[in-house]
Each structure stands twice: as structure tokens, then as C-alpha cells.
1. Rounded to the nearest 20 Debye, what is the dipole magnitude of the range 1-70 about its Cα centre when Lys and Arg each give +1 and Asp and Glu each give -1 at the C-beta?
2. Would you kindly compute the Cα radius of gyration of the range 8-149 and its largest Cα-Cα separation (Dmax), both in Å?
3. Work through the residues other than VAL47 whose Cβ is under 12 Å from its Cβ and net out their charges, Lys, Arg +1 and Asp, Glu -1.
4. Mind putting a number on the dipole of the range 67-132 about its Cα centre? Charges go on the C-beta only, +1 for Lys and Arg and -1 for Asp and Glu, and I need it in Debye to the nearest 20.
5. With +1 on each Lys and Arg Cβ and -1 on each Asp and Glu Cβ, and nothing else charged, work out how big the dipole of the range 8-149 is about its Cα centre, in Debye to the nearest 20.
6. Give me LEU6, LEU85 ranked fewest to most by other Cβ atoms within 10 Å of their Cβ, as a rough exposure proxy.
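Just so you know, all these numbers are worked out from the coordinates, no wet-lab data involved. Note that the structure is a prediction, hence the values are computed from the model and not measured. Every residue, glycine among them, receives a Cβ derived from its backbone with ideal geometry; neighbour counts consider all protein chains shown.
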Amino acid sequence: MTLVRLGYVAMSVHLVNASPSQTVTYKQFSQMAAIDREAALRRLERVAQSNMDNCLRLLKHNVAHDIRFFRLSSRLVPLATHEELADWQWLSPIRPQLDQLGQFAARHSMRLDFHPDHFVLINSPKTEVLKHALRVLYMHYLLLKNMAIAGVVGLMTAIGLAFLLEYLDNTIKTEQDVEPTAQSDHCFKGRYGCLAN
């Protein structure tokens, strides 16, 4: 008999005040930063630390209910990937919590990974969308790395594989990919050779 163990994404309806996705919007940050940027950064750090504490609560809840797979929220560290905050050293203040999460997960044989938000698209033709997706995935990598989670290897393999597939993909993407040939007035260059329409 095969036993399938399922997990869930980011939040539990059974824990009160345990959201790992508390946030600060860029507008809120900007308003605070106009008065005191360092205080605004400390606010972001406190929210991130609270999100990490709530993740640990969720992991403890999961162990109590024999749930060994958990997908972390992409929103653990508010504004960590925002281009206007590229100088913010967001990882340092949460390292102790990341270490604690990683040790807890290892001690209880839990699998952790991330649930990228709907706007993380690595197959987008828009450069800005792809750049944003890569920033988010790199943030996931750094968080897992600092938790000392073996999933880092899997995440990086997945990203590398996605880029390799994109590089090797020679299917039609633009009108310039259509070439006339002797076989047909319009021969579509595709993965399997000429595909007449």
C-alpha cells in the first residue's frame, strides 16, 4: 500500500494570529522612510521576524498533526525583492529564526519549500517580469540556504533546468520563426523539424 502524505501552503485556519505573510506595502514604507528611513527598515525587520516566528508555530502545529511537508510563503520578508530597497541587508536580522526553522524541520524530518506567488513567471516574454521572478526565486534560495535545507539543491536545479529548457527550446515564438521551404509555403520551425500549417 502506498501512503501519500500531503502538506499545505503557508497558513493554517486552525492557528489564530499565525500569518507568515504579514506585510508592509511600499507606500507605507515610503511614508515612514520620509520621516526616518532606519526606523522604516526596522519595521520591515520586525514584521519579517514575526513572520518567521509564525512559521515556527505552523511547523510545530504540523508536527502535532503529522504533516511533514510545508510550503512557505513568498511573503516572509516584506519588500525584500523591491528594487528601491536593494541596499537593505534583510537577511541578517532573521538569521537566528531561519536557523531555528531549519533545525526544527531537520529534527522532525520535514520537507520545506516555497510557494511562489502568481506573479513569479520565469517563462514571461517581458524582461521586467522575468527579472522580478529571478529576484524572488533568489530570495527563496537565500532563505532555504540559511535554514540549511537540502531543498536548496532542488530549487537551484529546477531554476537551472528551466533556463536550460528555454535555451534549448526552438519552438515558434515570433513571426520571424516562420520560414518558407520547398515543402510548404510556410514551414514552422519546431522541436521536431518542419511542421506545415
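1. Details: 9 positive and 5 negative charges, 12 e Å.
Dipole of the range 1-70, to the nearest 20 debye: 60 debye.
2. Final numbers for Rg and Dmax: 15.4, 47 Å.
3. Working: positive: ARG42, ARG43, ARG46, ARG75; negative: GLU45, ASP53.
That sum, taken over residues with Cβ under 12 Å, equals +2.
4. Dipole size: approximately 420 debye.
5. Numbers: 17 positive and 12 negative charges, 60 e Å.
About 280 debye.
6. LEU6, LEU85
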